[in-house]
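What follows is a single structure, and I will ask about it in a moment.
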Amino acid sequence: MAASSGIGQDGAFYEQFQALLNESIPDCSPAEVQGMLTGLVCAGETVDQFNSWGALLVENDPKNPANERTQDALCAFMAMTHKDLGGKDFRFRLLLPPDTDPVTERTQAMAQWCHGFGAGFHWNGLVKPGRLETYAQDAINDIAELAQVDTASAASGDDDALIEIEEYLKVAVQLIFEAVEASAATHTH
């Protein structure tokens, strides 16, 4: 897979991001955090609103210097996600473990990504499902279903299926992002 705005798909970025998260948010995987940030972006949140959404991920503890590094990384990652989704070159990529990891771990990370997306997307409650096109609502429902996938049943032969799901998620997220933007434009005029 090609890299996107600095996200290497070889696993090095995933591992580095996990090390950073372990300092402040040890219960979250990089996949879940990127899913949450992507959901927030799709719901219309911005980096400028960190004081509002940041509490979802990082406690405001000035005594923990790791929190500032994590906040900076989250804001940079969110800005990059917004740029990738808003661009015309379809650069957005899911942050998942590398293809060399076992399919069960990659499937679990994909489910965590979907869970994070749902949490981020629904966090502010501003996006009303009835205002979105049917295809966007279907994509949101699909992502919610994928968050519930049985990761224990993933087998080594499921690599191709997982790759197809990853590609579907990239397209689904792009559609959701564009549908929410179109809905916001329609309902503000």
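The values are calculated or read from the model by the stated rules, or taken from the named source; none is laboratory data. As the structure is a prediction and not an experimental result, all values here were calculated from the model. Here Cβ is always computed from backbone atoms with ideal geometry, including for glycine, and neighbour counts include all displayed protein chains.
Considering only residues that are modelled with pLDDT of 85 or more and either in contact with a Gly (Cβ under 6 Å, 6 or more places away or on another chain) or β-branched (Val, Ile, Thr) (or both), which ones fall in the range 15-63?
Those that are modelled with pLDDT of 85 or more and either in contact with a Gly (Cβ under 6 Å, 6 or more places away or on another chain) or β-branched (Val, Ile, Thr) (or both): Ile25, Glu32, Val33, Gly35, Met36, Thr38, Gly39, Leu40, Val41, Thr46, Val47.
If a residue must be surrounded by 16 or more Cβ atoms within 10 Å (Cβ to Cβ) and either hydroxyl-bearing (Ser, Thr, Tyr) or in contact with a Lys or Arg (Cβ under 7 Å, 6 or more places away or on another chain) (or both), how many such residues does the range 171-188 contain?
Taking the range 171-188 first, the residues surrounded by 16 or more Cβ atoms within 10 Å (Cβ to Cβ) are 172-177, 179-180, 183.
After this cut, where a residue has to be either hydroxyl-bearing (Ser, Thr, Tyr) or in contact with a Lys or Arg (Cβ under 7 Å, 6 or more places away or on another chain) (or both) as well, the list is 183.
Summing the residues that are surrounded by 16 or more Cβ atoms within 10 Å (Cβ to Cβ) and either hydroxyl-bearing (Ser, Thr, Tyr) or in contact with a Lys or Arg (Cβ under 7 Å, 6 or more places away or on another chain) (or both) in the range 171-188 gives 1.
Could you please find all residues in the range 27-70 being within 28 Å of Asp142 (Cα to Cα) and of a type in the set (Asp, Glu)?
The answer is Asp27, Glu32, Glu45.
List pairs: first residue in the range 88-108 and under 13 Å from Gly11 (Cα atoms), second residue of a type in the set (D, E, K, R) and assigned to a loop (DSSP other than H, G, I, E, B) anywhere in the structure, Cβ distance under 6 angstrom, at least six positions apart or on different chains.
Here the result reads Pro98/Asp10, each pair linking the range 88-108 to a residue that is of a type in the set (D, E, K, R) and assigned to a loop (DSSP other than H, G, I, E, B).
So, one more: State the number of residues belonging to the range 131-140 that are touching a helix residue (DSSP H, G or I) at 6+ places or on another chain (Cβ under 9 Å) and of a type in the set (S, T, N, Q).
1
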